[in-house]
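The structure under discussion appears below in the form of structure tokens.
The values are calculated or read from the model by the stated rules, or taken from the named source; none is laboratory data. None of the values given here were measured: they were computed from a predicted structure. We place every Cβ from the backbone using ideal geometry, glycine too, and count neighbours over all the protein chains shown. For accessibility, only protein heavy atoms count, side chains too; no ligands or nucleic acids. Shrake-Rupley method; radii C 1.70, N 1.55, O 1.52, S 1.80 Å.
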Amino acid sequence: MVIAIDGPGGVGKSTVARRLADRLGLPHLDTGATYRAATLRVLRSGVDPSDGAAVVEALEGMDLRIDDGTVVLDGEDVTDAIRAPEVTAAVSTVAAHPEVRSRIVALQRRWVADHGGAAVVEGRDIGTVVFPDAAVKVFLTARPEVRAARRARDAEAAGKDPGEVAAELAERDRKDAGRRVSPMRPAPDAVVVDTSDLGIDEVVAQVLELVESAQARSERAEEASQFRSSSTGPRRP
Ligand code: DC
């Protein structure tokens, strides 16, 4: 079963997704890391992140491996490098190119298939585009000031002015939600959870309840289909 956890930065998505994966014994894919690794490759190759054709060329032959939170790009551990401010500043521009998205989405689907087809997958478009049939879809939100305060505590934003962090988050939201291809938005069947006044444990507990209901639904559907196939089987004369 795929559990899709979408939402903007600073809502607690990664922490919730990791905890959930631990509790359920499932692998966890942070799809933001896939776009960040692609962006790092683009920046290193020296091309302009807004030039779609050049970006696609720069990504040719990219070897990206992600496991247990470690990101290896072309044989090099870039787990920390993909969190650098230059990457954060360019990632939404790189991620807006449709050809980039189609390649990265294929890579994400392959990752889940290679990990047995069941995973907790976090991102911006998981419930809408990457796994539209996900058994559970959650879209996390939080008030802008809460998100900025949470982000300001992240190592990534260490030493930055809180106002600057808030402005960067707003700018990334504008690009991520405003892009033409697979903009960030809740899927029509996603459960939207405002995490502003909730602790991580409370959010995890809410999502676990959704997972249990989805499991019960799929067991009932399985029983019904077995019943149908046994009752419509060949009849003896
Ligand atoms: O979750 P994050 O901050 O690491 O994501 C970095 C960027 O990657 C985000 O600003 C937009 C892009 N992204 C995306 O376009 N689609 C996803 N599923 C995940 C991330």
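Here are a few things to note about the model shown:
- Qualifying residue in region 219-232 (condition: open to solvent by 50 Å² or more (accessible area, probe 1.4 Å), among the hydrophobic types (A, V, I, L, M, F, W, C) and at pLDDT below 90): yes
- Check on G10, among the small types (G, A, S), modelled with pLDDT under 95 and either over 28 Å from A134 (Cβ atoms) or open to solvent by less than 70 Å² (accessible area, probe 1.4 Å) (or both): yes
One line per residue, one yes/no per condition, for (1) away from the ligand (no atom under 14 Å from the Cβ); (2) touching a Phe, Trp or Tyr at 6+ places or on another chain (Cβ under 6 Å); (3) at positive phi; (4) not in a loop (DSSP other than H, G, I, E, B):
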residue	(1), (2), (3), (4)
E60	yes, no, no, no
T79	no, no, no, no
T93	no, no, no, yes
G127	no, no, no, yes
A134	no, no, no, no
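- Any pair with Cβ under 6 angstrom, 6 or more apart, that starts in region 84-98 at a residue that is open to solvent by 20 Å² or more (accessible area, probe 1.4 Å) and ends at one that is modelled with pLDDT under 95: A96/R179; P98/V181
- Among the conditions (1) within 12 Å of the ligand (Cβ to nearest atom); (2) closer than 30 Å to R220 by Cβ; (3) not hydrophobic (A, V, I, L, M, F, W, C), the only one that H97 does not satisfy is (2).
- Residues of region 138-163 that turn out to be away from the ligand (no atom under 13 Å from the Cβ) and modelled with pLDDT of 85 or more, as a count: 9
- In region 111-125, the qualifying residues are those that are more than 9 Å from the chain's Cα centre (by Cα) and in a loop (DSSP other than H, G, I, E, B), and the one that is farthest from the ligand (Cβ to nearest atom) is G116.
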